[in-house]
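A quick write-up on the structure given underneath.
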Amino acid sequence: MEKQTSPYRWGMVVDLDRCTGCGACVVACQAENNVAICGKKEIAEGRNMHWLRIERFWVGEYPNVRARFLPVLCQHCRDAPCEPVCPVYASYHNPDGLNGQVYNRCVGTRYCGNNCPYAVRVFNFYSHQWPKPLDNQLSPDITVRPRGVMEKCTFCVQRIRRAKEDASGEGRLVRDGEVQPACAQTCPAEALVFGNLADPRSRVARLVRSPRRFRLLEHLGTHPSVYYLKGGGREHV
Ligand code: SF4
């Protein structure tokens with residue numbers, strides 16, 4: 001694990017007791033990050049492009065069956081399995097704890113996607129088009145990825161950069177809650193909380209100290225920056 005040199009270590013907490021599986025976060029992510037819209041054909045081939053997915057599973061026996069939801073996005077692991085396997089260093093770790101992806105370096109070997117235990121990287125098998133008037137919704141802050149490039153959640157790095165630039169212009173650090181990725185901003189249940197794990201007073205750092213916390217596939221030693229709070233207190237049938 002690398003030494004912390006930045007005042008920021010971005011991370012997220014997902015409260016599974018709050019998530020209702022509505023999918024608003026998935027749509028917000030798609031709209032914010034120019035994520036390609038896939039149709040029946042791509043979905044049937046398993047070539048969905050979403051950076052965030054909601055896994056659904058059932059617990060209990062009929063008639064007392066309950067649905068449970070698990071939002072899964074890039075875990076921004078501190079020891080990310082995707083990084084050492086990239087032959088061109090397109091997948092890298094930045095000092096703020098983000099697992100970055102340099103699109104114009106990517107040569108499309110897909111080693112990173114195959115080595116990610118969370119299956120959160122998606123590959124552009126096609127040159128996706130945004131027919132008019134859908135092209136009007138493309139964000140000018142984000143590259144539109146061409147065919148042959150791997151992509152994934154960035155914690156909306158464009159928003160983080162802007163917040164850091166604004167804060168630096170005012171000679172201060174980014175305040176807690178000042179920056180949120182699109183998914184966290186949109187979640188009506190406030191199930192997603194984003195912030196600076198390096199600041200022990202931040203909301204996200206306080207939530208991480210909850211006894212309900214766990215990380216996905218923690219035994220693999222990937223040290224994800226996304227924490228989950230165990231659900232089970234409410235019914236979402
Ligand atoms: S928007 Fe919030 S409540 Fe809806 S699926 Fe996403 S995390 Fe769950």
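Normalised by 2.2 N^0.38 Å, where N is the number of residues, the alpha-carbon radius of gyration of region 122-189 equals 1.42.
Report the longest stretch of the chain that contains none of the GluC sites (Glu not before Pro) sitting in a DSSP loop with at most 12 other Cβ atoms within 10 Å. Formally, the longest exposed-site-free interval is 62-169. Amide H contacts of ARG9 (H built 1.01 Å from N, in plane; Pro and chain starts excluded): LEU197, ALA198, ASP199 sit under 5 Å, all sequence-distant by 5 or more or on other chains. With viscosity set to 0.890 mPa s at 25 °C, what whole-number translational diffusion coefficient in µm²/s follows for the chain from Stokes-Einstein and a Kirkwood radius over Cα pairs? D, rounded to a whole number, is 131 µm²/s.
Listed values for region 130-137 are Karplus-derived 3J(HN,Hα) couplings in whole Hz (6.51 cos²θ - 1.76 cosθ + 1.60, θ = phi - 60°), namely 10, x, 4, x, 5, 5, 5, 8, and x replaces Gly and Pro.
With pairing defined as another cysteine C-beta under 4.7 Å, the cysteines of the chain that fail it are CYS19, CYS22, CYS29, CYS38, CYS77, CYS86, CYS106, CYS116, CYS156, CYS187. Taking every Cα-Cα distance in region 164-213 and sorting them into 5 Å bins from zero, the calculated P(r) comes out as 4, 20, 22, 24, 18, 8, 3, 1 percent.
Karplus-based coupling profile of region 53-63, in residue order and whole Hz: 10, 10, 8, 10, 9, 10, 10, x, 10, 4, x, with θ = phi - 60° in 6.51 cos²θ - 1.76 cosθ + 1.60 and x standing for Gly or Pro.
Calculated accessible area for region 10-229 comes out at 51 Å² per residue, all protein chains present (probe 1.4 Å; ligands, DNA, RNA ignored). Atom-type composition of the exposed protein surface of region 35-125 places 53 percent of the accessible area on carbon and sulfur (1.4 angstrom probe).
Rounded to the nearest Hz, the phi-derived 3J(HN,Hα) couplings of region 186-194 under the Karplus curve 6.51 cos²θ - 1.76 cosθ + 1.60 (θ = phi - 60°) are 8, 4, x, 9, 6, 6, 10, 10, 10, where x marks glycine and proline. Taking a Cβ cut-off of under 15 Å around CYS106, the surrounding Lys, Arg, Asp and Glu residues balance to a net charge of +4, with basic ones at +1 and acidic ones at -1. Considering every pair of different Cα atoms, what Kirkwood radius, in Å, is found for region 67-185? Taking the inverse mean of 1/r over all distinct Cα pairs, region 67-185 comes out at 16.1 Å.
The values are calculated or read from the model by the stated rules, or taken from the named source; none is laboratory data. This structure is a prediction, so every number in the text was calculated from the model and none was measured. FYI the Cβ positions are ideal-geometry reconstructions off the backbone, even for glycines, and counts take in every protein chain you see. In case anyone asks, the SASA skips ligands and DNA or RNA and just uses the protein heavy atoms, side chains included. Shrake-Rupley method; radii C 1.70, N 1.55, O 1.52, S 1.80 Å.
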